[in-house]
Every structure is written in C-alpha cells, then in structure tokens.
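Below is one structure, written out as structure tokens; comments come after it.
The values are calculated or read from the model by the stated rules, or taken from the named source; none is laboratory data. Bear in mind the structure is a predicted one, so any value in this text is a computation, not a measurement. Note that each Cβ is placed from the backbone with ideal geometry, even for glycine, and that neighbours are counted across all protein chains shown.
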Amino acid sequence: MSELVFDDVSVRYGSRRHALTAVAGAHLTVPSGQVVGLVGESGSGKSTLARAAVGLAPLARGRILLDGTDVRALPRRHRPLQMVFQDPYASLDPRMTVGASIAEALPRARDRGRADRRTEVARLLDQVNLDPDRASMLPGQLSGGQRQRVAVARALAGRPQVVIADEITSALDVSVQGAVLNLMRDVQRRLRLSMLFISHNLAVVRHLSDHIAVMYLGAIVEAGPTEQVLADPQHPYTRDLLAAVPRRTSAWDIATEPALDTAEPADPHHPPTGCAYHPRCPAGPLAHAGRDVCRTTDPAVAAATRPHRAACHFALPKEPREDGSS
C-alpha cells in the first residue's frame, strides 16, 4: 500500500496570451489502501490531474509524490502507479492479442520465458473474471466490458501500488457498468491498493469511495470522508452536484436556491477573479448583496480552516476539538 499526494499541482497548456490552466494549485491526498473519488463536471480538470500523475501531462508547478518520492523520478516503464483509461476501445492496440498486451506490461524481472508469461497472463485474466482462453483473441473480438477488464488486467500486470481509474464505465453499456465497478472494488480490497477513482457520477463514487474530492475549474473545492461530504456538503458547487442527482427523497435537504440557471459557465481561458464559482453560485454575490468578497478574494487561501477544506468564504468554520486543537 502507498500514499499518493498531489502537492500544489498546476498544469498549463499553451503560452502567455493563449495559455489555459487546466489544473490550478490542486492539493489532494490518496491515503494508503483507500479509494478517493474525484468528481466534477466535464472540463473541470479531473482527467488532466490523472494524466499528470502518470507522466502524460507536464507539471507547470508543484509535485506529485508516491510515498514521499516524486513520481517523475520513478522508472517510466514500470512505475508502481498505473492508470486505467476511459475508452477501452482506444486503450488497447487492436493489432495485439489480449495476451500480448498484458504480457507487455509485465515487469522484466518476471520475464523468464514464454511459459511463465502465459501462466501470469492467465492468472491476471482470471483475476478480472475473464476466461484465460481470451488471451489469444484480438480486442476487436471482445465486448466493451471485456475490453475494459483486459485494460484492468494490463494495469495490474505492472504490480502497481496505486491505480488511477479515469471514468472507466462511461463508455460502457449500463448493463455492464455495475459489474466492472464491483470488479474494481473487489480488486482494490483484495490487493489492498490505493486508488484514485474519477467520475462525474456521484452515485458511483459513493458506492466505491472512502473519500470524495470535488473539482471545479481546475481546483479542488471540497474534500473529505464520503459520508461526511455527502451528508453535509460545505461548498455550493458540491450542493449543486448533489441536487442534480435523481432521487426520491434525500437526507440532505438544505434550504438553498438551485444554481443560477441563466449564469454561463466560466471561460477556463479567462477564469473569474476571486472564487471561480461566483458567477454561477447561489450563495454568491449574484444572489446575495454584500458578498463582493467572492469576486475579489480566493477562498482557497483559508480552506484549511473550514470543514472538508471547502474553498468557500461562507462555509462554516471548523469546530475546535475538545483538546483545544483545530
């Protein structure tokens, strides 16, 4: 088990006038042996943060640490950090058999010959609930769910300590999504992996995750234990995400307005000053006179003083513990 830490991570594309900040000063910890669900709408920077962790997106600032070691210093071929990508149709080479794709990811130390490789590939396929006979097939001969299981087996072939799963069910039929999610949770528990699970689906994240982090316009705006965040969300964006989830009844019933329907999403090339969410926020200056602080001051500066590290000026302050600490 290993701990993955994103320390003040920023990712920028382009230069100067045309630069886009995809991730802006993100702080996030994936505790050892636990699952952190990262949620947010499309374009919030979730996948960019994941790609930065595996070296597919350059860091403009900050560090990504695996047990205190910068991931950029780890061996590129067999890092103890592996990623399962969103699209199972694009993540596997269509010209390579399933067995060859998985065997390619095996550490060289285990490469003792064809028989050993075949045995290990069969074990990995069995681990993701696929018949080892599938090893001789091409990806095009498999269903989407089967391909995604192969992608999981390929990630596990590298003997990872941390797995990043990026929207791994969004390209699958609804009928197979649950089976793949259950597989991921079973594998995580059995192998005691640390996992960053990325999704826009709060119901999925609640099912899988020990902790939740909410991302908006490149920044983490709230993070904490899953049940605490969902039962008592502190950031208006988190509350708006929860309000968008279809449900019959909810234990979460806070008297607040929905998101401002007429407000346009912020332009990531020209993000708002102060709180990035204030042009859409039902708790911000467009809905409440006198809250101009949202336009001028970044609430992330004092996030550590609030429950769930909420990047909101009007989140409740942390209650002091009985021992007097905060």
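A few points about this structure:
- Counting only residues that are crowded, with 20+ Cβ neighbours inside 10 Å and over 18 Å from Val30 (Cα atoms), region 203-227 holds 2 of them.
- Residue match in region 170-178 (condition: under 15 Å from Asn129 (Cβ atoms) and surrounded by fewer than 17 Cβ atoms within 10 Å (Cβ to Cβ)): yes
Every residue, every condition in (1) part of a helix (DSSP H, G or I); (2) under 24 Å from Gln177 (Cβ atoms); (3) in contact with a Cys (Cβ under 6 Å, 6 or more places away or on another chain), yes or no:
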| position | (1), (2), (3) |
| --- | --- |
| Ser47 | yes, yes, no |
| Ala50 | yes, yes, no |
| Pro58 | no, no, no |
| Arg72 | yes, no, no |
| Arg76 | no, no, no |
| Pro88 | no, yes, no |
| Leu92 | no, yes, no |
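- Selection count, region 9-21, where residues are surrounded by fewer than 24 Cβ atoms within 10 Å (Cβ to Cβ) and outside any helix (DSSP H, G or I): 9
- Residue count for region 27-62, restricted to those that are of a type outside the set (A, V, I, L, M, F, W, C), in contact with a helix residue (DSSP H, G or I) (Cβ under 8 Å, 6 or more places away or on another chain) and surrounded by 20 or more Cβ atoms within 10 Å (Cβ to Cβ): 2
- Total residues in region 1-46 satisfying the condition of being farther than 24 Å from Val301 by Cα and among the polar types (S, T, N, Q): the figure is 5.
- Test: residue in region 212-233 that is within 28 Å of Pro271 (Cα to Cα) and of a type in the set (Asp, Glu): yes
- Qualifying positions in region 244-281 - aromatic (Phe, Trp, Tyr) and at pLDDT below 85: Trp252
- Residue within region 66-81 that is under 15 Å from the mean Cα position of the chain (by Cα) and at pLDDT below 95 present: yes
- Residue identified as assigned to a helix (DSSP H, G or I) and within 21 Å of Val35 (Cα to Cα) among Ala153, Ala165: Ala153
- Residue in region 90-106 that is free of Cβ contacts under 8 Å to residues at least 40 places away in the same chain and under 19 Å from Ala171 (Cα atoms) present: yes
- Residue in region 284-314 that is modelled with the lowest pLDDT, counting only those that are assigned to a loop (DSSP other than H, G, I, E, B), under 14 Å from Tyr216 (Cβ atoms) and out of contact with any strand residue (DSSP E or B) (no Cβ under 6 Å at 6 or more places or on another chain): Gly284
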